[in-house]
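For reference, the structure discussed in these notes is given below.
The values are calculated or read from the model by the stated rules, or taken from the named source; none is laboratory data. Because the structure is predicted, anything quoted here is derived from the model rather than measured. Cβ placement follows ideal geometry from the backbone for every residue including glycine, while neighbour counts extend to all protein chains displayed. Ligands, DNA and RNA are stripped out before the accessible areas are found, and what is left, the full protein with its side chains, is counted by its heavy atoms. Shrake-Rupley method; radii C 1.70, N 1.55, O 1.52, S 1.80 Å.
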Amino acid sequence: MTAVQGTDVDIATADGVADAYLAHPADGLPRPGVLFYQDAFGIRPHLKAMADRLAGEGYTVVVPNVFYRHGRTPVFDLPEFIDPSADPTIWQQIMPVMMSLTPELTDRDSAAYLDWLAQSPLVADGPVAITGYCMGARLALRTAAAFPDRVAAVGGFHGGRMVTEDADSPHLLADRVTAELYFGFADQDQSMTEEQIRTFQEALDAAGVRHTCEVYRGADHGYTQADTPAYSAEASERHWEALLGLLKRTF
């Protein structure tokens, strides 16, 4: 693993300023860029540790606070160990903020995040990769569809609501994507059922998108998040193997 430097940065957007966490190899050389989309709980020590681990593999990683319109990090008052089943007020804080992040706002913000990466001396020229967790998997796919020439690969993990009845359902974006996709779903995830996974795969197949979709047996929604009850060390390591394999194929 390469020595890593982590810093807080600000990203100018069309609607304000998004604070973000930046992790990169400490030698300061330009490396392939990775846009890291958070889960619903936001930027916190565990997410920063994940970004550091990815940077240690030779990438420049930026984790934007996608809820920046509601304040700088930390947007929510969360405990070190996040267990919504023990404290229902956690979702009462988060859900309205999540729902306010519309597809239109997401596309506007993702343009700013990609521009920031393109302009950073720490990022090598060329398309970037995206990894996203929970809601971040939806954001990752939407960004790849909105900017197909700027995104080479997408990893999405325990993504929920990738297939809905809405006109803006993420799976309907498949025909706009040129990136290689990898999605690791959790079989215990009620926000992405077996039927929804099948519909999602069929949409990717029909669009001719290069993709791998795998179901992690025995895993819960949030299996990569070590500061929650959903965490599975085995599933998390499987995710790292899949993500790093995708990036090595891409760059």
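If you go through segment 79-107 and keep only what is over 20 Å from the mean Cα position of the chain (by Cα) and open to solvent by 30 Å² or more (accessible area, probe 1.4 Å), you end up with Pro79, Glu80, Phe81, Asp83, Ser85, Ala86, Asp87, Pro88, Thr89, Gln92, Gln93.
Of the residues making up segment 66-78, those that are open to solvent by less than 40 Å² (accessible area, probe 1.4 Å) and not aliphatic (A, V, I, L, M) number 4. In this structure, Phe157 does not satisfy being aromatic (Phe, Trp, Tyr), over 15 Å from the mean Cα position of the chain (by Cα) and either open to solvent by 30 Å² or more (accessible area, probe 1.4 Å) or closer than 16 Å to Phe183 by Cα (or both). Listed here are the strands (runs of 3 or more DSSP E) enclosed by segment 1-80 that have at least 1 residues being among the charged types (D, E, K, R): 4-13, 16-25. In the set (1) of a type in the set (Gly, Ala, Ser); (2) touching a strand residue (DSSP E or B) at 6+ places or on another chain (Cβ under 8 Å); (3) open to solvent by 60 Å² or more (accessible area, probe 1.4 Å), Ala140 fails one condition alone, (3).
Residue count for segment 108-127 satisfying the condition of being charged (D, E, K, R), over 15 Å from Phe36 (Cα atoms) and surrounded by 14 or more Cβ atoms within 10 Å (Cβ to Cβ): 1.
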